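Just below is one structure, and these are the notes that go with it.
The values are calculated or read from the model by the stated rules, or taken from the named source; none is laboratory data. Being a predicted model, the structure only gives us computed values, none of them experimental. Quick reminder, even Gly has a Cβ in these numbers, built from the backbone with ideal geometry, and neighbours come from all protein chains shown. What goes into the accessible areas is simple: the full protein's heavy atoms, side chains included, and nothing from ligands, DNA or RNA. Shrake-Rupley method; radii C 1.70, N 1.55, O 1.52, S 1.80 Å.
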Amino acid sequence: MSDEPCETPCALVVMGVSGSGKTTIADKLAERLGWTCEDGDKYHPKSNVEKMSAGHPLTDEDRWPWLNAIADEIERVCRARGHVVVACSALKRTYRDVLLRGRDDVRVVFLNGTQQLIAHRLSLRKDHFMPPGLLDSQFRTLEPPSVDESAIDVSIDATVDTIVDDIVGKLQATTARHSTDRIQS
């Protein structure tokens, strides 16, 4: 994968721990960009949902088929020259590597927030398969994107519209910088 992201990505993976707002932000971001939106949770096998519903964290072995199913969907959309925003926890670098499969036309958006803020948000949720008690496990697993991943890092301590504006602004700035670099080469 190149160090510099491509001019216009075909996919954005909105990542973060449970309760960070992945689905909400991915929906609004896709709407704003005119792209389709996929909730990564729908790609979980039934056994994963049952395990999380029972309050048990997933293992890496549980996650590989799920991550590969999402990566297959990203690949399908990109090959068809479409655009998609995918909400997916993608907590570890190895998980993001599976999702991106070395592509430079897929970008990661990291929804960055404190455990206290996210715990409060989870306490307000109803009827979600991920119980708030698994938040500690998610934060222990979380490996925030490193600089070489060219991720878009945004604070979630803002309104949904402000977060989406921040993402779009950072995406446009990266695209403009990349275009300028290409012209000067």
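So which residues in segment 78-99 are open to solvent by less than 10 Å² (accessible area, probe 1.4 Å), assigned to a helix (DSSP H, G or I) and not basic (Lys, Arg), if there are any at all? Talk me through it step by step, then tell me what you get.
First, the residues of segment 78-99 that are open to solvent by less than 10 Å² (accessible area, probe 1.4 Å): 84-88, 90-91, 95-96, 99.
Filter once more, so that each one left must be assigned to a helix (DSSP H, G or I): 95-96, 99.
Across segment 78-99, the qualifying residues are Tyr95, Leu99.
Pairs meeting the criteria (first residue in segment 110-132 and β-branched (Val, Ile, Thr), second residue modelled with pLDDT under 90, beta carbons under 7 Å, at least 6 apart or on different chains) are Ile118/Gly19; Ile118/Leu135.
Taken over segment 110-127, residues that are buried (at least 17 other Cβ atoms within 10 Å of the Cβ) and part of a loop (DSSP other than H, G, I, E, B) amount to 1.
Return yes or no: is Gly34 in contact with a Leu (Cβ under 8 Å, 6 or more places away or on another chain) and either farther than 14 Å from Arg107 by Cα or among the hydrophobic types (A, V, I, L, M, F, W, C) (or both)?
Numbers: in contact with a Leu (Cβ under 8 Å, 6 or more places away or on another chain): no; either farther than 14 Å from Arg107 by Cα or among the hydrophobic types (A, V, I, L, M, F, W, C) (or both): yes.
So Gly34 fails the test.
Do we find that Asp136 is at pLDDT 95 or above and either assigned to a helix (DSSP H, G or I) or of a type in the set (A, V, I, L, M, F, W, C) (or both) in this structure? So Asp136 does not fit the description; no. Every listed requirement among (1) under 23 Å from Gly34 (Cβ atoms); (2) open to solvent by 10 Å² or more (accessible area, probe 1.4 Å); (3) in contact with a Leu (Cβ under 6 Å, 6 or more places away or on another chain); (4) assigned to a helix (DSSP H, G or I) is met by Arg107 save one, (4). For segment 162-185, taking the residues that are modelled with pLDDT of 95 or more and of a type in the set (A, V, I, L, M, F, W, C), the one that is surrounded by the fewest Cβ atoms within 10 Å (Cβ to Cβ) is identified as Val168.
Any residue at all in segment 41-59 that is surrounded by 15 or more Cβ atoms within 10 Å (Cβ to Cβ), of a type outside the set (S, T, N, Q) and within 12 Å of the chain's Cα centre (by Cα)? Among the residues of segment 41-59, at least one is surrounded by 15 or more Cβ atoms within 10 Å (Cβ to Cβ), of a type outside the set (S, T, N, Q) and within 12 Å of the chain's Cα centre (by Cα), which makes the answer yes. The one condition from (1) open to solvent by 10 Å² or more (accessible area, probe 1.4 Å); (2) closer than 26 Å to Asp157 by Cβ; (3) of a type in the set (D, E, K, R) that Arg63 does not meet is (2). Residues that are within 14 Å of the chain's Cα centre (by Cα), touching a residue at least 40 places away in the same chain (Cβ under 8 Å) and surrounded by fewer than 17 Cβ atoms within 10 Å (Cβ to Cβ) within segment 143-161 comprise Glu143, Asp153, Ser155, listed in sequence order.
Looking at segment 13-33, is at least one residue out of contact with any strand residue (DSSP E or B) (no Cβ under 7 Å at 6 or more places or on another chain), hydroxyl-bearing (Ser, Thr, Tyr), open to solvent by 50 Å² or more (accessible area, probe 1.4 Å) and under 22 Å from Ile167 (Cα atoms)? The answer is yes, given that some residue of segment 13-33 is out of contact with any strand residue (DSSP E or B) (no Cβ under 7 Å at 6 or more places or on another chain), hydroxyl-bearing (Ser, Thr, Tyr), open to solvent by 50 Å² or more (accessible area, probe 1.4 Å) and under 22 Å from Ile167 (Cα atoms).
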